[in-house]
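Okay, structure first, notes after.
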Amino acid sequence: MKFSLRRGNRGQEVARLQSTLGIVDDGIFGGQTESAVRRYQSSKGLAVDGIAGENTLTMLGIPVFLGIDVSTWNGDIEWDKVAKDGVKFAYVKLTEGRTFVSTQADELAKARCAGLAVAPYHFGRPDTNAGIEDAGAEARHFLDNYDYHEGDMRPVLDMEDGMKTDDNYNIRWALRFCDIVEEELGARPLIYTARWYVQAFMEQSDDQLLYEIGREDLWWAEYSDEQQKPLRPWSQWKVWQFTNRGSVDGIKGSVDLNWSAGGQFGALFRRA
């Protein structure tokens, strides 16, 4: 599986490519962008095809890395095989709600040993216990079960459930969870979510709350060859989960695949 940008593509990574090439960054990969890519490839001795693939993007200083995310559904994993198949990072489900601990928790250590960058994620359940104190209880449950190792990526809050009648509460809950984890680890979680969740559980929030959640770093789920759905209230993603039907050596059956693009991989790690 290879990430590439070519004629007809749109979006944030096209704009990043254009900006890096020093041309108008309108986010639309048209003839001008293709010509600029060809010129750059020719100047660097790369294969000249007008497509910004792995080699071209890496040479430009905006490399792309492939990652996976796993839970109990993925069963036993042979991490050495995963690493040899080009996977650079892995998110592993650790906890959910106030009490659940995933049987996959040990996979964090195994993935580290295989040389992958790793981080745990917590599946948030703001739908089960009304009251902002629930965010604190879930954050503490997550922290109590996470054995942080130097070099781990920043953790993730998975937002797929919420109070159907209170969009403000869902955002306040997420922000509170992130505040507590950051206070403890010195690393602020990314928010994992998708367009359907924003529409169902966030979109009717107050403008200030939408602004605040939109400032959090985003792991976006959209299963397609090209990210097209509006990111609002975010302006860009740090990680993009582009399929739930991927195939990777060392994992039986389908697995979620993700891109960290645009040279943003370093932003996934703990801030000094």
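Whole-Hz ³J(HN,Hα) for each residue in segment 181-187, computed from phi via Karplus 6.51 cos²θ - 1.76 cosθ + 1.60 with θ = phi - 60°, x for glycine and proline: what do you get?
Karplus-based 3J(HN,Hα) across segment 181-187 equals 5, 5, 4, 7, 9, x, 9 Hz.
Between the helical axis of 31-44 and the dominant principal axis of the chain, each derived from Cα atoms, what acute angle in degrees is found, rounded to the nearest 10?
Once rounded, the angle reads 80 degrees.
Which far-off residues, 5 or more places away or on another chain, put their amide H under 5 Å from the one on ALA90, with H placed in the peptide plane?
It is ILE68, ALA117, VAL118, ALA119, by chain and number.
So what's the back-of-envelope 222 nm ellipticity for the chain, counting only DSSP H runs of four-plus at -39500 (n - 2.57) apiece and dividing by all residues, rounded to 500?
So the helix-based figure for the chain works out to -9500 deg cm²/dmol.
How high is the relative contact order of the chain, in percent, counting Cα pairs under 8 Å that sit 6 or more residues apart?
18 percent
Whose amide H sits under 5 Å from the amide H of ASP158, counting only residues 5 or more places off or on another chain, with H placed in the peptide plane?
When sequence neighbours closer than 5 places are left aside, the close amide H contacts are HIS122, PHE123, GLY124, TYR192.
Could you work out the relative contact order of segment 34-88, using alpha carbon pairs under 8 angstrom and six or more residues apart, expressed as a whole percent?
Computed over segment 34-88, the figure is 25 percent.
Take the Cβ-Cβ distance between THR99 and SER43 as r, set R0 to 51 Å, and report the resulting FRET efficiency rounded to the nearest 0.05.
0.30
Per 0.36 nm of contour for each residue apart, how much would the distance between ASP80 and ALA267 grow if the chain were fully extended, relative to their Cα-Cα spacing?
Length gained between ASP80 and ALA267: 64.8 nm.
Tell me which residues come under 5 Å, amide H to amide H, from LEU5 once H is placed; ignore anything under 5 positions away on its chain.
For LEU5, the qualifying residues are ALA52, GLY53.
Just to confirm my numbers, what's the Cα centroid distance between segment 120-147 and segment 61-92 in Å?
Comparing the Cα centres of segment 120-147 and segment 61-92, I get a distance of 25 Å.
Could you tell me the distance between the Cα centroids of segment 184-203 and segment 217-272, to the nearest Å?
Spelled out, the Cα-based centre of one part sits 13 Å from the other.
Using the Karplus curve 6.51 cos²θ - 1.76 cosθ + 1.60 with θ = phi - 60°, work out ³J(HN,Hα) for each residue of segment 126-139 in order, rounded to whole Hz, and write x for Gly and Pro.
Result, rounded to whole Hz: x, 7, 9, 9, 4, x, 5, 5, 5, 4, x, 5, 6, 4.
Rounded to the nearest 5, what is the percent of antiparallel bridges among the DSSP beta bridges in the chain?
About 35 percent, rounded to the nearest 5.
What are the ³J(HN,Hα) values, in whole Hz, obtained from phi via the Karplus relation 6.51 cos²θ - 1.76 cosθ + 1.60 with θ = phi - 60°, for each residue of segment 62-67 in sequence order, with x given for Gly and Pro?
Each residue of segment 62-67 in turn: 10, x, 10, 10, 8, x Hz.
Near LYS84, which lysines are there with a Cα under 26 Å away, not counting those fewer than 8 places off in the same chain?
Leaving aside lysines fewer than 8 places away in the same chain, those within reach of LYS84 are LYS2, LYS93, LYS110, LYS238, LYS252.
Using alpha-carbon pairs under 8 Å, 6+ residues apart, how would you state the relative contact order of segment 176-260 in percent?
It rounds to 22 percent for segment 176-260.
Values quoted throughout were computed directly from the atomic coordinates according to the rules given, and no laboratory measurement underlies them. Keep in mind it's a predicted model, so treat the numbers as computed, not measured. We place every Cβ from the backbone using ideal geometry, glycine too, and count neighbours over all the protein chains shown.
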